[in-house]
Amino acid sequence: MSKRGALVNQILEGIKNGSLVENGQLPSERALANQLGISRILLRETIVVLETLGVVESKERLGIFVKKPDISGLAESLRIMPYWSESFVPQLIEIRLMTDVQAAELAALRRTEKQLEELRQCLATFLEIGVDTPQEAKLSSHYEYIFHRLIVAAANNDILIRVYEGLSALMEKNNDFLHEKLTRDTTWGKRVKEHHRNIFQAIQDEDPEKAKQWMRTHLFETRDRYGKILEELKGLFI
């Protein structure tokens, strides 16, 4: 994993456990660089990535603030589902074949240059991360998840974004575990990266048909891979 990728993960963990946050704000750039034992240049690059991911927001002369997630009522209602059966994964992918494929098509037609740059930076980080350890697989899963959310945002459809927030609440619980299972096969890990390169390229080229095609291919192949491990996962969805 690159230094930047490892640093992003370290800061995300510090935000999650509160060790780097006071009153919703990170330390000053100088203080944070000293605390982490890194150069300010590397820290600035990392903050750009975190801003792209929507985790923090830099305010001139005020500092770096942690952004609060905007969770819709739909997301909250989905969070309290009493249990998930082994049919959860294939059913979720069926829904994502509706949302993600359409989002990829719309993103190719509607994305702004800023949104394209956010996708590019997220993809670059995702491609740098290995999957040789459970920790790397978890980080890889996180960036893949962010990449898909950025595509939905680039579709510029407010209702679709809200619906996807609800799906995100469902995906978060089991996504890391499933991703770690799938990426034990390094061939599959390479294939997933190829999928995402091609999805990004189609969106960059403003080619909605190819964007749809590659997103559909990604989800169909993911569904097929999941199918092979469903027996192993039986009883683990609670």
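Miscellaneous remarks
- When region 189-210 is filtered for residues that are modelled with pLDDT under 95 and β-branched (Val, Ile, Thr), only Val192 remains.
- So Leu127, is it surrounded by fewer than 23 Cβ atoms within 10 Å (Cβ to Cβ), in a helix (DSSP H, G or I) and either without any contact (Cβ under 8 Å) to a residue 12 or more places away in the chain or of a type outside the set (Lys, Arg) (or both): yes
- Of the set (1) touching a residue at least 12 places away in the same chain (Cβ under 8 Å); (2) assigned to a helix (DSSP H, G or I), all apply to Met98 but (1).
- Matching residues in region 1-38 - criterion: being outside any helix (DSSP H, G or I), modelled with pLDDT of 90 or more and over 24 Å from the mean Cα position of the chain (by Cα): Pro27, Ser28, Gly37, Ile38
- Restricting Leu36, Leu32 to those that are closer than 20 Å to Lys67 by Cα and not β-branched (Val, Ile, Thr) reduces the list to Leu32.
- Residues located in region 26-39, provided they are surrounded by 13 or more Cβ atoms within 10 Å (Cβ to Cβ) and under 28 Å from Arg120 (Cβ atoms): Leu26, Glu29, Leu32, Ala33, Leu36, Ile38
- Given (1) touching a helix residue (DSSP H, G or I) at 6+ places or on another chain (Cβ under 8 Å); (2) among the charged types (D, E, K, R); (3) modelled with pLDDT of 75 or more; (4) over 21 Å from Gln204 (Cβ atoms), number of the condition Glu128 does not satisfy: (4)
- Test: residue in region 217-229 that is loosely packed, with under 14 Cβ neighbours inside 10 Å, modelled with pLDDT under 70 and over 30 Å from Leu7 (Cα atoms): yes
The values are calculated or read from the model by the stated rules, or taken from the named source; none is laboratory data. What you see is a predicted model, and the numbers here were worked out from it, not measured in a lab. When we count neighbours, we look across all protein chains shown, and the Cβ atoms used for this are built from the backbone with ideal geometry, even at glycine.
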